[in-house]
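A.B. asks: Pasting a structure below so you can have a look.
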Amino acid sequence: MVELDNQKEAPLPSDYNEDSDDSDNTQLSDESDFEDSSADNDSDSSSGSSDSDSKSELEDGPPAQDNSGGDSEEAESQDEDDVKSEGGSEGSDLHQEGGGAESDSSEDEVAPRNTIGEVPLKWYEDEPHIGYDIKGKKIKKKEKEDKLGSFLANVDDSKNWRKIYDEYNDEVVELTKDEIKIVRKLMKNQAPHTDFDPYPTYVDWFKWDDAKHPLSNAPEPKRRFIPSKWEAKKVVQYVRAIRNGSITFDKPKEEDDSYLLWEDDSGLTEKANHLAYVPAPKQKLPGHDESYNPPLEYIPTQEEINSYQLMYEEDRPKFIPKRFTSMRSIPAYENAMKESFERCLDLYLCPRVRRKRLNIDPESLKPKLPNKKELKPYPISCYIEYKGHEGAVTSISVEASGQWMASGSSDGTVRVWEVETGRCLRRWEIGEAVNCVTWNPLPGIHILAVSMGQDVLLLNTGLGDEEEQQRIKELLLVDSPKASDETGKKAPSVTWLKDDNHDGIRLRHLKTVTSVEWHRKGDYFSTVMPADILFKSVLIHQLSKKLSQKLPFNLRGLAVRSTFHPSRSIFFICTKKTVRVYDLLKRKLIKKLDTGLKEASSIAVHPGGDNLIVGSKEGKLCWFDMDLSSKPYKTLKCHPKDINNVVFHRSYPLFASCSDDSTAYVFHGMVYSDLNQNPLIVPLEILRGHENSNGRGETSFCDIVN
Amino acid sequence: MPKHYRPAGKKKEGNAAKFVTRTQALRLLQINLPLFRKLCILKGITPREPKKKFKGNDKTYYHVKDIAFLHHEPLLEMHRAIRVHERKIKKAEAKKNVERANRLREKTPKPKIDRIIRQRYPRFVDALGELDDCLTMVHLFATVPAIEDKKIGVDLVTECRKLAHYWQAFIARTHRLRKTFVSVKGIYYQAEVEGQTITWLTPHALQQVVPDDVDIPTMLNFLQIYQPLLSFVNFHLYHSINLKYPPMLDPELEALALEIYALIRYAHANNKPTIPETSQLVEPEQLESKLDAPEIQNKKSELRLAQLQHQLPSNEPGALMNLVEKAAGEDGEEYDEETKQCKNLFQNVKIFLSREVPRESLLFVIPAFGGMVSWEGKNAPFAESDQSITHQIVDRDAQGHRFLSREYVQPQWVFDCVNARIILPTENYMVGRIPPPHLSPFVDYDEEGSYVPEYAKTIKHLQAAARKEVLPLPGVEKDLEDPQNLLAEGIIDRAAANQAAKEKQKLMVLEKQYHEDLKKELQGDTYTSEGSTIKDKTSTEVIHTGESMKVDTAMLISRKKRKLLEAMEISNKRKQNKYDTIIQRKKKLDEAQNQSS
């Protein structure tokens, strides 16, 4: 109990310090003495310290009764104290002064002890003192050494490990060797005292001197001389069990040694796996740039490296060559593991497909085409420019003889030019944007059909000799009252009127007419009104009888263009998605050609009559071989913008397309008489240089003359 | 009835019958994904690409037969057994029955890989053909630090190291090494074994970092097949040259991390009795008494002999090696032309390695090309002070004594010599100088549009010169460096010829164009003279060039081909761009050099 108290009050080491000084026995006796004396002191002295009160009261429960005995003892103890060392007496002094600790004598010699008790030390953290000594004086904190100093001191001091800082008393205590021993013993849960012997030598207190007989007189049993039956039984049991197989032994550990695995593999040719086995492709072998010391030209400059940052991540080069001046300075490659891992992933996660490595010249992919020089003549360059129109030229047409050309423009004029010279022969002010102009295909009849707005004009160009003029005038004679009669009966789709301004006939339609096409004999011509949703959109007119009739066919789509067969009585109507071919004599549909285009815009028939081309607004050109199939034989994507018109040459195997992108393509399109041979199409030339105007781009009808 | 409708109970048809997705496969096999992956890795099963992906593009498809192949795999059953066993161990551990747990752990069934290897590579050549990845991986794991957390055990690393060394020893012994390349990533080696070209990458002998984003278990799965594969291959190869496998190594050398040297020596020593011993010895009187013995002794005692010889004066193993080399060279029955050439490259060279050079790699390369090599340290065959040393490999300025009898060169010299197959003049590789660029031997200069660095040209000249010479001795062909002289002799390398031809073509094209232009101009003149009323056309109005033709033909071909053509054009352009940038840089460098000089 005493010791426990001591431990609380005073630090452990100092306590043990004393122990080492005095022997145990003496200490114990000392303490008992102290207790007594303190008790006495308390009873004697009036000024009992509050700290020791509790204990003294416990002991001195009945004070009066003990007094007599106590006195006698006191006397004895006093004597003993006197006899004993001064320390004892001093200890008692200390008690009288009311020190909380029933500490031993040597303690107060050291320094004033802190008396604050077991309170959290942080209460004193900010104070200049650490507590109070017995007399109530403040104990000042010692000046702390700076860390460096203390560290240096510690380093120099070999006994540093034994030093402990006592926070309560603000001092450093050094443990002695014995104390360390005790601490160690305590840590091992052994008896703390160093000289305590847990295994003392056995002292045989029994006296054997007069023992004449053994303790037991029994004879040695037989079983000590014969083998054990039980053991034999057990052995037999085990043996049987082993024989039965109920006890098994661990097999000796197998060493997986390698052996000659492919001893005879000469006969094998196939893989066991019957599915096609594709070995993994080998990794790419490194080039010069991966060298540790590549040629200087392989190392990108700093600017180039910086520019990599601007690239897309996929495009960025994965490996940037670096140069090391000696092999010694090559560092470990940081991505080694990662690249190896990625390879592993490729090996087991990627489907393996045998791909033909196309080791071919890109040129060989292109079709073998005849030399362009052999396909001459074809237009190469701009020869003449016909100037005069103020608006975009929407349509041109060349006369049958090839001497004259008519052009219609969005500025509302129609002009006739001499092809060879570029001279403007005549000019009509029509007043409305012209959609289409076409010459009558007969060489003697110089009539020009012009469509603008809802009208179609048949103009006498005034060309040719007297006889021809006479015929033309007869043809263009029209009775206006007759037409008015018809209007009275039913609403006609077309009215034939005499046009006095331009010396011709005006055909008034109900809707806008976009195109006019002549029959090869020059008597009939057809007009197309795409705006007419009903099936009346295509009309056929007869010039000699001044008659118009509707086509009795259901078109299933908006008609865009129409055209006549060059030799037979067949009529083509191009709707937005299909081309319908009708026999006019039998009045029935012969064929339906599926263009596969989104919106067809123009159609032209080969002079042979079996092939036709269709241009579309998405810039595609379809060539149909009508004997072959109803699908296009070839689709050419040539123009980036709408194709406005397509046309065949009258005599040469050429065709052309013109488009909003102000270019015209000229193709060679040879049709062979041998039916087994497919038509040959060769792109020949791009004609550029048309000016753009009106935003929509100049549209020109390109007709090849020579 | 819609086309896709399949009545219940009817069999699937087409792709749906032939392929299963990965999830379906897992359900079929009743295993989890990691095990499935492991099996796929071990059995070499990869996903397939069905023509029609019936479950969507995001799925992985396996062939039904592949899955059936896995289904019948004994390995599957084995893994189930392992799982059961692991549960037992866990239970024992939970009951704190350490003894039982340990015993069980030792008894864990181990899958046997040899059958699978035989299945995957029915012929030895097949195995050799796919050895690249295996070797690269094993060499990588030989340098990886053992990390128990990531299940990279010490045994694994040492095993990998051993296997790699065994392989290298075989290659060096049989002189099968063909090309080497020191790159930033490591050192590439290319060997030719039984007609198969095998390339592998060895990391630099520095500590590898194991990044966190690498899935080590996957790599270990691969190692599980690669290790036995390499071991079996090694066995086969050693068997083919009458050597015991695994070889017994001198423990002393092994302790010094010189396994490769020990192995090479072992291989040489053990092969010796097959060779007639009538050759000239370097030190005949010293060796003769020892050499009589092995003739009569059988194979088992040979190793001891080798070890005995090892304990002899330091010079002797080298001499022994040399002897073996010469003897083998004389009979030379098994060696083809190239191997012979490789073997005799460093024949007259005796090399000493300084401390700072990559010893492991050089100890492999130099003996593979018939050279004698020693190093600083214990058990080295000859000491630095040996007067017969011709070259010393140094990577920094030597502080100590410099011998006048030898040349001090940088390690790159060895690798460049090997790639060029001649002994290059050493003055460019002297210590303290920046060596000439180290070029990759894997670049094919004959390929169109490839750039030929300057140093490649000089090496070519040197090679040509060496071929002409009767005695390819070092330091003789210095007078042949003059390129004009070579040209006069008619030695023009192919690349140069190509270049010349190309330039000629270019000139011709230019000339043609010029003529055409001229013609056109003339025509234009006639036009203008003909039609006086016609306006002059300007050249800007109509542009027709060669390009238009190109555009035209492209639209005639089918879309598939057109796309292909475009892709080809793009890739060609990219190649050309690369080439152009290199040429440009070269030009700039040359300019800078000219300015400074």
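Throughout, read-outs are computed from the coordinates displayed, never taken from laboratory work. Computed from a prediction, not measured in an experiment: that's the story for all the values here. FYI the Cβ positions are ideal-geometry reconstructions off the backbone, even for glycines, and counts take in every protein chain you see.
A.B. asks: Can you sort A:Met626, B:Met555, B:Met248, B:Met508 so the residue with the fewest Cβ neighbours within 10 Å comes first?
C.D. replies: B:Met508, B:Met248, B:Met555, A:Met626
A.B. asks: Over segment A:272-407, what relative contact order in percent results from Cα pairs under 8 Å that are six or more residues apart?
C.D. replies: Reported as a whole number, the value is 17 percent.
A.B. asks: Using the Karplus curve 6.51 cos²θ - 1.76 cosθ + 1.60 with θ = phi - 60°, work out ³J(HN,Hα) for each residue of segment B:442-447 in order, rounded to whole Hz, and write x for Gly and Pro.
C.D. replies: Once θ is set to phi - 60°, the couplings for segment B:442-447 become 8, 7, 9, 6, 6, 4 Hz.
A.B. asks: Would you please state which residues of segment A:139-180 a label at A:Met187 would reach in this model, taking the label point 7 Å out along Cα→Cβ and a backbone N cut-off of under 15 Å?
C.D. replies: Only A:161-164, A:175-180 pass the distance filter.
A.B. asks: Cα-Cα over 31 Å: which of A:Lys577/B:Lys560; B:Lys150/B:Lys378; B:Lys38/B:Lys578?
C.D. replies: Check vs 31 Å cut-off fails for B:Lys150/B:Lys378; B:Lys38/B:Lys578.
A.B. asks: At R0 = 56 Å, how high is the FRET efficiency between A:Ser158 and A:Tyr202 if r is their beta carbon distance? Nearest 0.05 is fine.
C.D. replies: 0.85
A.B. asks: For segment B:142-235, what does the alpha-carbon gyration tensor say about shape, rounded, prolate or oblate, given a ≥ b ≥ c as the root eigenvalues, a/c under 1.5 as rounded, and a/b over b/c as prolate?
C.D. replies: prolate
A.B. asks: May I ask you to evaluate 6.51 cos²θ - 1.76 cosθ + 1.60, the Karplus curve with θ = phi - 60°, for each residue of segment A:329-340 and list the ³J(HN,Hα) values in order in whole Hz, giving x for glycine and proline?
C.D. replies: 8, 6, x, 5, 7, 6, 9, 4, 4, 5, 5, 4
A.B. asks: Pop out the ³J(HN,Hα) list for segment A:561-578 in order, Karplus 6.51 cos²θ - 1.76 cosθ + 1.60 with θ = phi - 60°, rounded to Hz; leave Gly and Pro as x.
C.D. replies: Each residue's phi maps through the Karplus curve to give 9, 9, 7, 9, 5, x, 10, 10, 8, 10, 10, 10, 10, 9, 9, 5, 10, 10 Hz.
A.B. asks: Amide H neighbours of A:Met452 under 5 Å, at least 5 residues apart or on other chains, H built in the peptide plane: list them.
C.D. replies: Those lying under 5 Å, H to H, from A:Met452 are A:Asn435, A:Leu457.
A.B. asks: Then there's this: Given axes a ≥ b ≥ c from the Cα gyration tensor, I'd like to know whether segment B:548-597 is rounded (a/c under 1.5), prolate (a/b larger than b/c) or oblate.
C.D. replies: prolate
A.B. asks: Just rank A:Trp439, B:Trp167, fewest to most, by other beta-carbon atoms within 10 angstrom.
C.D. replies: With the sparsest Cβ surroundings first, the list reads A:Trp439, B:Trp167.
A.B. asks: Right, next: Cα gyration tensor of segment B:152-199, axes a ≥ b ≥ c as square roots of the eigenvalues: rounded (a/c below 1.5), prolate (a/b > b/c) or oblate?
C.D. replies: Here segment B:152-199 falls in the oblate category.
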